[in-house]
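Engineer: Got a structure for you, written out below as structure tokens; questions coming shortly.
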Amino acid sequence: MNINGKRQMELLNKMSFVRMGGTAEEMAAAEILMEEIRSIGLEPVIEEFEIEDAELVAGQLEVLAPFNKKYVVTAYKLSESTPEEGLVAPFYYAENLTAVDLANCKGKIVLVNGFFNLDMFKKLQKAGAVAFITMSGTMLETEEDSDLFTRTMRDTIRAFGNMPGANIRITDAFEIVAGGATQVKLTAINTPITRTSHNITVTIEGSEKPEEIVSFGGHFDSVEFSKGAHDNAAGSVINMEILRHFAENKPKRTVQVMWYGAEEMGLLGSKAWIKAHEDELKNHLCMINTDMAGVVIGYDVARVIGTKEATAHCDAFMRRKGYNVGVTQEIYSSDSIPFADKGVPAVNFIRFGHHVGGTFIHCRNDLAKFLSEQSIAKTTQFVLDYGIELIESEVFPFERVVPTEMVEKVDKYLAKKELAEAKKDK
Ligand SMILES: [Zn+2]
């Protein structure tokens, strides 16, 4: 079978719409993938799982003094809501969360720089802040050519408590800080709801070693405002082309190809899959994850969550074949993490865009026009060939081991220490 970049881009274009975890649009994308699988003559298995989400009810920040103006904000999903009539408090810009900043936070609605994380939350909670505000976007954006994002209060933060939170455009925050705001009213209300998301799996049984499994995975959901061409319709169509290969060429070991839902909400699809299939994992020898591909301007890397030997094997394979892939032993924030957490080595293939001018993921500019047939076919070729190298080998090239140095990074990523600490406190 020849890899067909044109066919891949056609499928990618078909699923180029916003498809957030647990929505009807995500389900529509799942239907498109399943239709394609059936057209190859295979039968997909679809599994549903429940996810925690929230609906936004109200979001406004009103400056009361020394001037009066209302700004649109989005409430953090799953954060504590303010009263319906709003929360009135002094305003403070805690730009660096220094000791001086924190001494000024008590009883205030606090604007912070950067991504909101557990460390920030703990500091603000201890300092007695009554609500927090984060910023998104860039100073050069106009309202028409940008979107105001919705953030979520992660479970790792909620394990320690909660408070009202909201996100604002950085251009609005600039106006508020420059104007010397002292008193504000925040209205940020959200209602928790349960949604249903889906994973799709196709299994092709191995002809010689059916009990040994190698899987290809990637998420098919996207974030709000994003049509997710680069992240990760590209990985989705790469795995479809790989499935076509193994449908035509029966593998020696069992091949599973998976498309995960709700990755962008915290790897929820792969976590759910692992939970439902834990007893099958002992013979799962490697998970090959593709998350981001297809951009013309960019570069390919492989991040191996496995032993030094597995990393060296992957690197040697790419050199021998002349594939231009930078291989390192490292974790990657994607669906491979829950597998590695259960001892399954994982190899992540990622084609990053140019770090300043060409990375348009998680926004309205993640569009198919920045991708090409040639680029997506090129990545498909080496992901497939690497997979064949593992699946068709006489003896598997490396041990099914996730070494201590990787386990530590995975545990840190999953905030295991913090979650255990929170449990102890309760
Ligand atoms: Zn992704």
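Engineer: Exactly one condition in (1) out of contact with any Pro (no Cβ under 7 Å at 6 or more places or on another chain); (2) modelled with pLDDT of 95 or more is not met by Ala131; state its number.
Structural biologist: Just one mismatch for Ala131, condition (1).
Engineer: Among what's in segment 259-283 and is in contact with an Asp or Glu (Cβ under 6 Å, 6 or more places away or on another chain) and acidic (Asp, Glu), pick the residue that is surrounded by the fewest Cβ atoms within 10 Å (Cβ to Cβ).
Structural biologist: Glu264
Engineer: Can we say Val214 is assigned by TED's automatic domain parsing to the domain that holds Asp385, more than 15 Å from the chain's Cα centre (by Cα) and more than 16 Å from the ligand (Cβ to nearest atom)?
Structural biologist: So Val214 fits the description; yes.
Engineer: Can you give me the ranges of the helices (runs of 4 or more DSSP H) entirely in segment 67-184 with at least 3 residues that are aliphatic (A, V, I, L, M)?
Structural biologist: Qualifying helices (runs of 4 or more DSSP H): 99-103, 118-127, 170-178.
Engineer: Kindly provide the set of residues from segment 225-275 that are within 11 Å of the ligand (Cβ to nearest atom) and touching a Ser or Thr at 6+ places or on another chain (Cβ under 9 Å), ordered by number.
Structural biologist: Gly228, His230, Asp231, Asn232, Ala233, Ala234, Gly235, Ser236, Tyr260, Glu263, Glu264, Leu267
Engineer: Is there any pair linking a residue in segment 392-408 that is in contact (Cβ under 8 Å) with a residue 24 or more places away in the chain to one that is of a type in the set (Ser, Thr, Tyr), with Cβ under 6 Å and at least six apart or on different chains, and which?
Structural biologist: Cβ pairs passing all conditions: Val401/Thr307; Pro403/Thr307.
Engineer: Would you check if Ile391 is at pLDDT 95 or above, buried (at least 17 other Cβ atoms within 10 Å of the Cβ) and touching a Gly at 6+ places or on another chain (Cβ under 6 Å)?
Structural biologist: No.
Engineer: Test each condition in (1) closer than 30 Å to Glu394 by Cα; (2) surrounded by fewer than 18 Cβ atoms within 10 Å (Cβ to Cβ) for Ile213 and report the one that comes out false.
Structural biologist: Ile213 satisfies every listed condition except (2).
Engineer: Can you tell me which residues in segment 326-343 are more than 14 Å from the ligand (Cβ to nearest atom) and either outside the structural domain of Ala262 (by TED's automatic domain parsing) or under 22 Å from Glu264 (Cβ atoms) (or both)? Show your work before the answer.
Structural biologist: Initial filter on segment 326-343 (more than 14 Å from the ligand (Cβ to nearest atom)): 326-331, 338-343.
The answer is Glu330, Ile331, Pro338, Phe339, Ala340, Asp341, Lys342.
Engineer: Please verify whether segment 284-304 includes one or more residues that are assigned to a helix (DSSP H, G or I), in contact (Cβ under 8 Å) with a residue 12 or more places away in the chain, crowded, with 21+ Cβ neighbours inside 10 Å and within 16 Å of the ligand (Cβ to nearest atom). Reasoning before the result, please.
Structural biologist: At the first step, the residues of segment 284-304 found to be assigned to a helix (DSSP H, G or I) are none.
Within segment 284-304, none of the residues are assigned to a helix (DSSP H, G or I), in contact (Cβ under 8 Å) with a residue 12 or more places away in the chain, crowded, with 21+ Cβ neighbours inside 10 Å and within 16 Å of the ligand (Cβ to nearest atom).
Engineer: I need every pair where a residue in segment 257-277 that is more than 13 Å from Glu52 (Cα to Cα) has its Cβ under 8 Å from the Cβ of a residue that is among the charged types (D, E, K, R) and assigned to a helix (DSSP H, G or I), sequence separation at least 6 or different chains.
Structural biologist: Going by the 8 Å Cβ cut-off, the qualifying pairs are Gly261/Glu26; Ser270/Glu263; Ile274/Asp341.
Engineer: Taking into account only those residues within segment 213-258 that are of a type in the set (Gly, Ala, Ser) and in contact with an Asp or Glu (Cβ under 8 Å, 6 or more places away or on another chain), which is farthest from Val45 (Cα to Cα)?
Structural biologist: Only one residue fits best here, namely Ser226.
The values are calculated or read from the model by the stated rules, or taken from the named source; none is laboratory data. Keep in mind that what you see is a predicted model, and the values were worked out from it rather than measured. All Cβ positions, even for glycine, are placed from backbone atoms using ideal geometry, and neighbour counts span all protein chains on display.
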